[in-house]
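Working notes, structure below.
The values are calculated or read from the model by the stated rules, or taken from the named source; none is laboratory data. The shown structure was predicted, so the numbers you read here are calculated from the model rather than taken from an experiment. Positions of Cβ are backbone-derived with ideal geometry, glycine not excepted, and every protein chain shown enters the neighbour counts. Surface accessibility is based on the protein's heavy atoms, side chains included, excluding ligands, DNA and RNA. Shrake-Rupley method; radii C 1.70, N 1.55, O 1.52, S 1.80 Å.
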Amino acid sequence: MSAYDLSAIDRAAAIIRGGCGSADIALIAGSGLGGFASTLTNRSTLPYGDIPGFTVSTAPGHAGKWVSGECSGKRVYVMSGRIHCYEGHDAQTIAFPIRVMARLNVHTLIVTNAAGGVNTSYKPGDFMVLSDFINFTGYNPLCGANLDDFGPRFPDMSQALDGSLIQTSLDAASSLGVTAHTGVYAMMSGPSYETPAEIRMLRILGADAVGMSTVPEVIAARHSGIRVLGISCITNMAAGILPQPLSHEEVMETGDRVKESFSQWVCKILAAL
Ligand code: HPA
């Protein structure tokens with residue numbers, strides 16, 4: 001499915017509007033954080049397999065359903081599960097749901113992920129609000145013909161993450177006693193975790209956290225004029241920092257441990273929007 005096929009994007013948007021109603025805020029749930037969807041009231045759900053043009057995730061911890069509902073009196077769409085470049089998808093395919101959001105008139109996107117802490121002052125279970133990102137993958141979802149209905153050929157990324165959303169999220173975190181840093185997220189392609197040498201390199205280059213997602217979605221959202229808040233759950237310290245191997249189990253366990261404070265925090269952020 002091409003991310004540039006406007007009629008396919010509109011078909012998917014129509015199915016979502018029919019099955020899940022409307023919302024102008026969306027959240028993409030990262031690994032282990034999909035439980036947020038079940039905290040919504042007045043929920044409707046569509047499995048990705050029922051939405052034309054959607055690709056079903058194969059990654060463990062990614063349910064693969066579009067959920068709508070209410071939180072803090074706000075209507076919100078939640079993508080519970082996402083697809084990744086390491087599953088063999090190109091960045092354009094990953095951007096397809098973002099383009100659908102744009103056609104559904106979503107104006108605010110909260111993108112979340114599980115990430116390794118590169119900044120050694122971070123601890124597993126902390127959160128990081130993205131101030132910026134480094135795209136270390138070589139992929140960009142906007143490669144190919146530009147869809148002028150969505151945005152310009154050369155979109156600005158000098159403030160890819162929205163400054164006022166960052167402040168709102170930090171205020172909400174401090175009122176709840178949630179530990180939230182601000183920092184730079186580096187996206188690597190995965191699926192192998194990074195080597196210790198790569199993590200030392202990323203730290204020198206200014207990264208505070210590393211993961212395998214998020215950047216294509218942020219770029220596609222900014223192209224469409226959607227404002228973006230990015231939140232990483234630091235599920236583990238990145239490779240080489242601690243004398244232990246990395247594992248997906250640790251990522252899922254930490255996500256599970258923080259899921260309640262994550263949900264409360266997101267509800268507080270939504271209340272302030
Ligand atoms: N590296 C890359 N992706 C990740 C990590 C990591 O350490 N933890 C969770 N996702």
For the chain, max minus min Cα coordinate along each principal axis, in Å, sorted largest first?
50, 39, 33
Built amide H within the under 5 Å cut-off of Leu27, gap 5+:
Tyr77, Val78, Met79, Ile110
Hey, what's the chain come to in accessible area per residue, 1.4 Å probe, Å²?
39 Å²
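Under 12 Å from the Cβ of Asn119, count the other residues' Cβ atoms, weight Lys and Arg +1, Asp and Glu -1, and hand me the total.
Here the charged neighbours net out to 0.
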Residue ranges of DSSP H helices in the chain that stretch 15 Å or more (Cα, own long axis) and have mean Kyte-Doolittle hydropathy of at least 0.5 are 6-20, 91-103, 163-176
State the Kirkwood hydrodynamic radius of segment 118-210 in Å, one decimal place, computed from all pairs of distinct Cα atoms.
15.3 Å
Looks like segment 19-176, by Cα gyration tensor root eigenvalues a ≥ b ≥ c and the a/c under 1.5 rounded cutoff (else prolate when a/b is bigger than b/c, oblate otherwise), is rounded
Computed Rg/Rh for segment 123-172 (Cα atoms; Rh = Kirkwood radius) stands at 1.08
The Cα extents of segment 119-273 along the principal axes, largest first and rounded to whole Å, are 48, 39, 25
Can you list residues whose amide H is under 5 Å from Phe133's amide H, if they're 5+ apart or on another chain and H is modeled 1.01 Å from N?
Tyr185
Quick one: plug the Kirkwood hydrodynamic radius of segment 78-143 (C-alpha pairs) into Stokes-Einstein at 37 °C, 0.692 mPa s, and report D in µm²/s.
230 µm²/s
Taking 201-212, 91-102 and ranking on average Cβ neighbours within 10 Å, highest first, one gets 91-102, 201-212
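Using a 10 Å cut-off on Cβ atoms, rank the peptides 116-124, 176-184 from the highest mean neighbour count down.
Highest-to-lowest ranking by the protection proxy: 116-124, 176-184.
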Quick one: 3J(HN,Hα) in Hz for segment 145-151, Karplus 6.51/-1.76/1.60 with θ = phi - 60°, rounded, Gly and Pro as x.
4, 7, 8, 5, 5, 9, x
Dimensionless Rg ratio for segment 66-108, taking C-alpha atoms and the 2.2 N^0.38 Å reference
1.35
With a 1.4 angstrom probe the carbon and sulfur portion of accessible area for the chain, in percent, totals 51 percent
